Amino acid sequence: MTPDDIEGFFAKREDLNLEDYIELDFDFECAGDPREAAAHLGSEQSTAQWRRVGVDEDFRPRFAAKVLELQSEPRPNGFSIAVECAAKGAVHAVRVTIAHPHGNFGPKIPNLLSAVCGEGVFFSPGIPLIRLQDIRFPDSFLAAFQGPQFGVSGLREVLQAFDRPIFFGVIKPNIGLAAEPFAELGYQSWLGGLDIAKDDEMLADVDWCPLGERAAALGDARRRAEAETGVPKIYLANITDEVDRLIELHDLAVEKGANALLINAMPVGLSGVRMLRKHAKVPLIAHFPFIAAFSRLSGYGIHSRVFTRLQRLVGFDVVIMPGFGPRMMTPEHEVLDCVRACLEPMGPIKPCLPVPGGSDSAATLEGVYRKVGSVDFGFVPGRGVFGHPMGPAAGAASIRQAWDAIARGIAVADHAASHKELAAALQAFGGR
């Protein structure tokens with residue numbers, strides 16, 4: 001690019017109508033001039049060639065993605081990750097904010113992803129390492145999306161659960177049980193105090209436990225648990241499948257007794273979820289398979305909060321995400337970034353409930369609560385309830401006992417002295 005070409009991909013905020021742009025934060029490492037690399041990044045994801053040969057025209061004022069901010073510093077030791085076929089030259093670490101005109105693709109998720117996570121970003125000249133760190137939408141773009149139907153407040157109303165976390169449990173064993181024994185485990189966990197008993201993300205419509213049979217058995221168990229406890233409960237059924245079956249499986253699961261639905265967001269596709277949101281009668285809950293493949297490395301890919309924002313945008317009421325601790329291999333600051341992406345203001349889009357999960361139990365509840373900093377989160381043990389040595393009712397009770405201690409300002413270990421379920425949980429899971 002010539003110097004004039006480069007400058008055509010830079011702009012000042014005050015010179016743009018920011019309602020016409022989404023904002024993208026990128027970190028990248030480049031070989032050569034950082035400003036030229038940033039200009040290429042803006043060009044490749046938007047206009048690319050911006051005029052015809054021999055014609056006096058320039059499409060950049062309307063269509064170009066523009067660099068608003070740029071910071072760079074040299075990397076004397078080269079790229080942080082070895083990349084075959086990387087460009088040669090002095091290496092810089094660069095952070096940019098880019099304004100991308102959303103009129104280029106409109107309020108369409110596949111086209112949005114093609115622009116900001118596609119060929120133009122990950123094959124931009126001179127940039128072998130790049131990570132999309134964040135994405136922000138103006139109200140003019142958000143207006144085209146429904147977002148969550150229930151959101152945090154709606155889910156609390158359904159469950160009549162206020163001023164505390166929402167307590168989920170992943171029924172275990174997650175694969176292998178037929179519908180009736182599976183339902184019995186869910187029933188016991190509801191009696192013990194869970195709000196939501198859920199299918200694992202791996203268990204969908206399978207021949208040994210068909211969705212219709214499972215939803216009918218869990219629906220009956222849920223209603224019995226509601227009658228015995230006097231409080232509402234949710235059975236969360238996994239309907240992950242081919243996109244052309246989502247509506248059918250929604251209707252089947254809800255008719256039989258499920259009152260919330262789990263979808264593995266990225267394997268199914270965000271556009272498929274957006275379609276389902278228009279039809280859905282119950283809360284939609286996202287699970288995170290495939291996201292780590294994009295987000296694990298700090299120097300490459302896509303930050304998981306980008307996926308969190310997109311899941312909220314397309315209509316998920318709850319986003320289950322990799323949680324705290326070594327099991328999920330996600331830095332604490334990144335988990336908190338995703339929690340905030342669920343709850344912070346997003347124009348007309350309702351907040352959704354963040355559920356950071358991974359090897360949780362009564363022993364980890366207080367740590368999660370302190371890190372999140374509010375009661376607006378879901379807590380989702382698996383073995384911490386269903387692997388409890390006294391059974392799932394006791395496992396669920398241990399979670400509620402731990403919360404009672406936290407809410408009353410009592411040390412959880414002290415509370416366990418007079419609560420056998422909690423004591424057994426701390427002994428069984430306290431080292432995790």
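The values are calculated or read from the model by the stated rules, or taken from the named source; none is laboratory data. Predicted model, so just to flag it, every value in this text is computed and none were measured. Methodologically, a virtual Cβ is constructed for each residue, glycine included, from the backbone with ideal geometry; neighbour enumeration extends over all protein chains shown.
Checked against the criteria, Leu194 does not count as more than 30 Å from Phe105 (Cβ to Cβ) and outside any loop (DSSP other than H, G, I, E, B).
Selection over segment 140-184 of residues that are exposed (fewer than 14 other Cβ atoms within 10 Å of the Cβ) and aromatic (Phe, Trp, Tyr) gives a count of 1.
A single member of Gly42, Gly8, Gly54 is surrounded by 13 or more Cβ atoms within 10 Å (Cβ to Cβ) and modelled with pLDDT under 95, and it is Gly8.
Just one of the listed residues (Ser271, Ser359, Ser304, Ser295) is at pLDDT below 95 and touching a helix residue (DSSP H, G or I) at 6+ places or on another chain (Cβ under 6 Å), namely Ser359.
Asp4: among the charged types (D, E, K, R), over 34 Å from the mean Cα position of the chain (by Cα) and either at negative phi or outside the structural domain of Phe105 (by TED's automatic domain parsing) (or both), yes or no? Yes; evaluated as a whole, the condition is true for this residue.
Selection over segment 154-176 of residues that are touching a strand residue (DSSP E or B) at 6+ places or on another chain (Cβ under 9 Å) and either more than 18 Å from Gln188 (Cβ to Cβ) or outside the structural domain of Ala396 (by TED's automatic domain parsing) (or both) gives a count of 8. Per this entry, Ile130 is counted among residues that are buried (at least 23 other Cβ atoms within 10 Å of the Cβ), touching a residue at least 24 places away in the same chain (Cβ under 8 Å) and closer than 30 Å to Asp20 by Cβ. Might you let me know whether segment 325-334 holds any residue that is within 30 Å of Asp139 (Cβ to Cβ), among the charged types (D, E, K, R) and at pLDDT 95 or above? Yes; the residues of segment 325-334 include at least one that is within 30 Å of Asp139 (Cβ to Cβ), among the charged types (D, E, K, R) and at pLDDT 95 or above.
Restricting attention to segment 219-235, does a residue exist that is part of a helix (DSSP H, G or I), surrounded by fewer than 23 Cβ atoms within 10 Å (Cβ to Cβ), of a type outside the set (Asp, Glu) and in contact (Cβ under 8 Å) with a residue 60 or more places away in the chain? Scanning segment 219-235, I find no residue that is part of a helix (DSSP H, G or I), surrounded by fewer than 23 Cβ atoms within 10 Å (Cβ to Cβ), of a type outside the set (Asp, Glu) and in contact (Cβ under 8 Å) with a residue 60 or more places away in the chain, so the answer is no. Just one of (1) within 18 Å of Pro354 (Cα to Cα); (2) in contact (Cβ under 8 Å) with a residue 24 or more places away in the chain fails for Pro210. It is (1). So Leu112 passes all but one of these: (1) surrounded by 13 or more Cβ atoms within 10 Å (Cβ to Cβ); (2) not in a helix (DSSP H, G or I). Which condition number does it fail? Among (1) surrounded by 13 or more Cβ atoms within 10 Å (Cβ to Cβ); (2) not in a helix (DSSP H, G or I), the lone unmet condition for Leu112 is (2).
In the set (1) of a type outside the set (Ser, Thr, Tyr); (2) surrounded by 15 or more Cβ atoms within 10 Å (Cβ to Cβ); (3) at pLDDT 95 or above, Ala87 fails one condition alone, (3). With respect to being part of a loop (DSSP other than H, G, I, E, B), closer than 27 Å to Gly387 by Cα and outside the structural domain of Ile109 (by TED's automatic domain parsing), Ala204 fits the description.
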